[in-house]
Each structure stands twice: as C-alpha cells, then as structure tokens.
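One structure below.
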Amino acid sequence: MQGIIIGVKSARILAYLLCLASLASCRSPQDGFTDVATSHVEANVPPSKVFDELLKRDLENYFCRNSKDCTIEYEFLRDGPTQSGASYPKYYLWVKTIKGSTVAEEGAARVAAVEQKGFDVTHFLSREEISKSPSQVASIFPSALVDKITEKARDSFNSHN
C-alpha cells in the first residue's frame with residue numbers, strides 16, 4: 001500500500017512540475033509579433049555611435065539638395081522607432097532647414113531606418129501644408145502624434161508671423 005501512495009504522490013508532483021514547465025514556456029501569439037518587430041528594428045536601425053551622424057547626413061541630402069550654407073535641425077516627435085509589420089522602422093521628426101541664418105522650411109517628417117546604413121525620408125509635410133490642411137497629417141503620421149504636429153505647425157507659424 002505504501003508503494004501505491006508514494007507512486008500517487010510522485011505522479012502528482014510530476015504532473016505539477018510538468019504543468020509549471022509548460023506554463024513557463026507558453027508564449028502568446030503577441031510574443032511572436034514582438035520578436036519580429038524587435039528583429040526588424042535591430043536589423044535596420046544604425047548603431048547608436050553613428051545614428052545621429054547618419055540621420056543628419058540623410059536629412060541634409062534630402063532637404064538641402066546640395067545647397068551651400070544649409071543646415072538641418074531636428075527633434076524627435078516620439079521616442080524610439082515605430083515598427084509596423086515587416087516594414088522598415090520609422091522615426092517621426094520635426095525638421096528645420098536653415099539657409100544662412102533663416103529658417104527656409106520646417107515641418108513634420110517620417111523617416112525609415114534602412115539596413116543600418118541610413119535613413120530614407122518617406123514623407124514630409126511643411127508647416128504651411130499642415131496649417132492649410134491638418135487632415136492630411138492623420139493620413140501619414142500615427143494618431144498619437146497628430147495633435148502634437150498640428151500644434152507645432154501652429155506655434156511655428158505664429159512665431160514667424
């Protein structure tokens with residue numbers, strides 16, 4: 001009888017341990033998406049030691065178009081990259097193009113980090129475009145940034161007029 005009791009206790013302990021082990025290894029489908037998103041970010045975002053240098057280079061290439069005496073200032077509208085599906089990670093910026101000592105253009109930009117080599121500007125809306133047609137902001141930028149972008153355009157417009 002004692003062997004049966006020990007056998008039952010052992011079976012219960014074994015079942016309990018198997019249950020714990022299976023719970024520890026359970027992953028939700030969301031975890032798989034997170035892994036894919038993380039891998040896309042890691043594969044495309046440049047290392048931190050060259051990140052700003054590459055971003056500034058690519059913004060100057062896009063906005064300055066070989067113009068002399070042109071510089072770029074930018075600020076992130078959101079911390080870190082936004083990853084959606086299998087696309088390149090996106091960053092959202094407020095960009096100022098300065099020619100000489102004058103702000104020649106400013107607005108909201110969406111840039112994609114590409115293969116750790118640099119950034120592509122995928123969209124740009126000038127402050128004038130944003131002020132004239134705020135609805136187009138929502139078609140390009142995440143809804144969480146729409147108010148921030150329209151406010152920056154309004155504030156910028158007011159400070160220049």
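Read-outs throughout are calculated quantities, based only on the coordinates presented, and are distinct from any laboratory measurement. Owing to the predicted nature of the structure, the values given are computational and were not obtained by experimental measurement.
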- Note on the structure: Computed from every Cα-Cα pair in the stretch 77-122, P(r) in 5 Å bins starting at 0 and rounded to whole percents is 5, 20, 24, 21, 14, 9, 5, 2, 0
- Given the alpha-carbon gyration tensor of the stretch 103-161, what are the semi-axes of its equivalent ellipsoid in whole angstrom, ordered largest first, with each equal to the square root of 5 times an eigenvalue? 22, 14, 9
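From the convex hull of the Cα coordinates of the stretch 60-161, what is the mean projected area in square nanometres?
7.0 nm²
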- With the Cα gyration tensor of the stretch 48-89 in hand, give its eigenvalues times 5 under a square root as the equivalent ellipsoid semi-axes, listed largest first in whole angstrom. 24, 12, 10
